[in-house]
Amino acid sequence: MAAPEDSVAASRAADTRLLLCIAIGQTIGWGTLFSTFALFGAPMEAELGWSRASINAGLTLAMLVSGFAAVPVGQHVDRHGGRRILAWGGWLGAALLAVWSFAGSLPVYWALWAGMGLAQAAALWGPAMAVVVTSARDPSRTITGITFITGFTGTIFVPLGAALIEGLGWRHALQVLAALQLIPGLLALWLLPQPPPRPATAPHGGFSLRAAVRRPAFLGLAGCFAAHAFIGIGLGAHAIPLLRERGLPEASVLLIVALHGPFQVAARLALFALGRRVTMRGVGLLATLLTPFGMLVLALAPPEIAWLMLYALCWAVADGLMTIVRAAGVAEILGREGYGAITGALSVATVVPRTAAPLLIALIWEGAGGYGPVPWLLVALACLGAASFALAARAR
């Protein structure tokens, strides 16, 4: 019989292997299937003559498909584990990147991005976190470590994608990214634990997704994550022109935006160091209070870099922590039973805010003749998100 020390050491080694496998797979997956998308717009416009709106419609379509596919994918992970679906989803993404490199027809391009939505639903965050929650000895710490590594995705893949496009052209660059995207599937099959076999006669248990989504805690988390998704995607699309409108020098604008990643990583590193001394409820409350404060600073701050750096710090820390709360916090508040299906349902709740945010903010800018009302809209949504999370955090 193994000594307790040996059992603890083996569990820690398994968590480390799980952390590295998921972190590397997610970094590559997000880098190839999402983060580099914007780099391909200009060369595709130049060669194919497609409009920018037509090209970006592909990503919007993928986000819609991914959101609505999240529930069946999550249910599959609950029943069969996430090892195989992460592998096959990753390889589907690789195949579609390769198909994209030969694109010459707009309908075909849109069809492949609909398929890319399925690949993203199967290969990216939701199934990966379900594997961690069900397999890790310390899921919260493991997820925090994963997000610390994945925080460098844009830092790695945006320069890499730009260099590949410049050196090889956009079509061959996609083929290189497709080859890289084969790696996550191989890692999943090689390193992730095999789920225990489920007898054909095993009962499905008492979990009901229909009952779960009616719980006040679920509704609170759904409202919080929807508000956060609108703010995050909206600022991702409009932060640079909004800051430029304030009259800041271009270097200051780019610095404020560029610091989002390092501030996120610093927050996650601090959380990793704190370990079990904090709860996900507490982390979520901090993040959801920092968000409206940061948006209020954005609304009221004079066009001075020191004030806007305070906005950048508050928003980046909140955003970095919420990535962890969306994974580990759901398990802490709603439990692990049916985790894949529940997180899939929460993803559905963010579909409309994520896809509508860039367009709605653009319409406000056009109607108001500037971005003046936008920060106040974000303040209101952030307050709604904080109240919603507080409701969820009180649940037991």
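The values are calculated or read from the model by the stated rules, or taken from the named source; none is laboratory data. Just so it is clear, the structure is predicted and the values come from calculations on it, not from any experiment. So basically every Cβ, Gly included, is an ideal-geometry build from the backbone, and we count neighbours across all protein chains shown.
The table for this structure:
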| quantity | calculated |
| --- | --- |
| Selection count where residues are surrounded by 20 or more Cβ atoms within 10 Å (Cβ to Cβ) and modelled with pLDDT under 85, scope region 149-161 | 1 |
| Candidates Arg244, Arg281, Arg214, filtered to the one that is among the charged types (D, E, K, R), over 27 Å from Asn56 (Cβ atoms) and touching a helix residue (DSSP H, G or I) at 6+ places or on another chain (Cβ under 8 Å) | Arg281 |
| Residue match in region 93-110 (condition: in the same structural domain as Val132 (by TED's automatic domain parsing), part of a helix (DSSP H, G or I) and among the polar types (S, T, N, Q)) | no |
| The listed residue being surrounded by 22 or more Cβ atoms within 10 Å (Cβ to Cβ) and more than 16 Å from Ala178 (Cα to Cα), out of Ser66, Ser11, Ser54, Ser105 | Ser66 |
| Verdict on Leu274 being farther than 30 Å from Gly372 by Cβ and in a helix (DSSP H, G or I) | yes |
| Matching option when the condition is exposed (fewer than 15 other Cβ atoms within 10 Å of the Cβ) and not assigned by TED's automatic domain parsing to the domain that holds Gln75, among Val278, Val253 | Val278 |
| Ile55 modelled with pLDDT under 90 and either assigned to a helix (DSSP H, G or I) or out of contact with any Phe, Trp or Tyr (no Cβ under 9 Å at 6 or more places or on another chain) (or both) | yes |
| Of residues in region 346-390 being part of a loop (DSSP other than H, G, I, E, B) and either in contact with a helix residue (DSSP H, G or I) (Cβ under 7 Å, 6 or more places away or on another chain) or among the aliphatic types (A, V, I, L, M) (or both), the one surrounded by the most Cβ atoms within 10 Å (Cβ to Cβ) | Thr350 |
| Where a residue in region 347-369 is not assigned by TED's automatic domain parsing to the domain that holds Gly117 and its partner, wherever it lies, is surrounded by fewer than 18 Cβ atoms within 10 Å (Cβ to Cβ) and outside any helix (DSSP H, G or I), with Cβ under 6 Å and at least six apart | Ile364/Pro373 |
| Residue match in region 17-31 (condition: of a type outside the set (A, V, I, L, M, F, W, C), farther than 21 Å from Ala98 by Cβ and assigned to a helix (DSSP H, G or I)) | yes |
| Among the residues listed as Ala316, Ala327, the single one being modelled with pLDDT under 90, assigned by TED's automatic domain parsing to the domain that holds Leu285 and surrounded by 21 or more Cβ atoms within 10 Å (Cβ to Cβ) | Ala327 |
| Out of Thr291, Thr279, Thr355, sole residue that is β-branched (Val, Ile, Thr), closer than 30 Å to Val73 by Cβ and touching a Gly at 6+ places or on another chain (Cβ under 7 Å) | Thr291 |
| Condition check for Ala122: at pLDDT 85 or above, closer than 27 Å to Leu19 by Cβ and buried (at least 24 other Cβ atoms within 10 Å of the Cβ) | yes |
